[in-house]
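Below is one structure; the comments refer to it alone.
The values are calculated or read from the model by the stated rules, or taken from the named source; none is laboratory data. Model, not experiment: these values are computed from the prediction. For neighbour counting, all protein chains shown are included, and Cβ atoms are generated from backbone atoms with ideal geometry for every residue, glycine included. These accessible areas exclude ligands, DNA and RNA; they are computed on the full protein's heavy atoms, side chains included. Shrake-Rupley method; radii C 1.70, N 1.55, O 1.52, S 1.80 Å.
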Amino acid sequence: MMISPTLPAELKAALDGKLQGFSRSDAARRSQKISTTYRAGGTSGTIKSDADALAYALARMPATYAAVAASLNALTEIAPDLAPETLLDVGAGPGTASWAAAEAFPSLQDFTLLDANATLSRLALELARDSSRLAECRYLPGDAGGNLAEVSQADLVIASYIIGELSEADQRKLTEAMWARARHALVVIEPGTPAGYARILALRQQLIAAGAFVTAPCPHERPCPLIAPDWCHFSQRLPRSQAHRQIKGAEVPFEDERFIYVALTGTPPASRAARVLAPPDVGKAEIAAKLCTEAGVAPANVPRRDKAAYAEARRWRWGDAVMSES
């Protein structure tokens, strides 16, 4: 079951409730300051007050949710039998990934969130308080790297937009710790920048060496075949509410979140899928697409005269799995 990139109704209602009486101009100022800090290589430590946490959530939760939802959709498409009952959300912030996981996996019953920022954890618990799925979630305080050693294994471990806050040495330690806690699957999402891609590549290489199998987006465990300056990333479009536009200082009613992810499992997927690496070029005579296949990057040119194949290729979107190419 593919889930929507838009926030679930319960989460949207909780955020709307928090927005009552909250100055949108103040939220815009706070979120801009936080965003500037992140872009400069800073961490969530700049989020110190409840107002900071809410401004951050209002600005970033929709796009982060969309990226996590897209990543989990890719995982479930390749591993449809995956039915985790327990979740560990590492670097959970306001709980965005947990909400997406709850939508993607009706089987989830137990949610553990881990983050060092007490302000964000307080907001996460308030947003989840009236949720039909997340009301009983546990939020563990403290540094993710240190606390993971004390956390029980979970069927599914997710880390979204967190490893970029760490040094390379700490990224490797956290990667090892997360894999040790993942009973069935680990999903890591990062910004779709060359730096985010490099972090995902390093994590992917480290865990393949530890015995992990890549379920998505790659159809193989070999080194990434892309050559710089090209890099692997994807894009998810999501609608913006009026409040979201005001806080982001944006005019257009939608946002395109660029992200990169990797989903790893302890057992190999039953089937492999090629991946559409860029928006296909739909021409009058043919559709041209760039695919990542088991054999490497390969062009796919589907002529219009092959009506069935052409109709199928017209549905391809950037980031899609192409099962017939496996």
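Before moving on, here are some points about what is shown:
- Some residue of region 135-157 being closer than 22 Å to Leu19 by Cβ, among the hydrophobic types (A, V, I, L, M, F, W, C) and out of contact with any Phe, Trp or Tyr (no Cβ under 6 Å at 6 or more places or on another chain): yes
- Residue in region 73-84 that is open to solvent by less than 10 Å² (accessible area, probe 1.4 Å) and touching a helix residue (DSSP H, G or I) at 6+ places or on another chain (Cβ under 6 Å) present: no
- Residues of region 296-320 satisfying the condition of being part of a loop (DSSP other than H, G, I, E, B), open to solvent by 50 Å² or more (accessible area, probe 1.4 Å) and either within 21 Å of Glu77 (Cα to Cα) or touching a residue at least 12 places away in the same chain (Cβ under 8 Å) (or both): Arg304, Arg314, Arg315, Arg317, Trp318, Asp320
- You will find that of Ile287, Ile247, Ile260, the residue that is crowded, with 17+ Cβ neighbours inside 10 Å, touching a Lys or Arg at 6+ places or on another chain (Cβ under 9 Å) and part of a helix (DSSP H, G or I) is Ile247 and no other.
- Matching residues, region 298-326, being within 20 Å of Pro269 (Cα to Cα) and of a type in the set (A, V, I, L, M, F, W, C): Ala321, Val322, Met323
Here's the yes/no breakdown for (1) on the phi > 0 side of the Ramachandran plot; (2) open to solvent by 70 Å² or more (accessible area, probe 1.4 Å); (3) part of a helix (DSSP H, G or I):
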{"site": "Ser132", "(1), (2), (3)": "no, yes, no"}
{"site": "Leu148", "(1), (2), (3)": "no, no, yes"}
{"site": "Asp155", "(1), (2), (3)": "no, no, no"}
{"site": "Lys173", "(1), (2), (3)": "no, yes, yes"}
{"site": "Ala177", "(1), (2), (3)": "no, no, yes"}
{"site": "Ala180", "(1), (2), (3)": "no, no, yes"}
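- Exactly one residue out of Ile200, Ile189 is among the aliphatic types (A, V, I, L, M), in contact (Cβ under 8 Å) with a residue 12 or more places away in the chain and in a helix (DSSP H, G or I), and it is Ile200.
- Where helices (runs of 4 or more DSSP H) sit wholly within region 13-125, those with at least 3 residues that are closer than 30 Å to Asp320 by Cβ and touching a residue at least 40 places away in the same chain (Cβ under 8 Å) occupy 50-78, 96-104.
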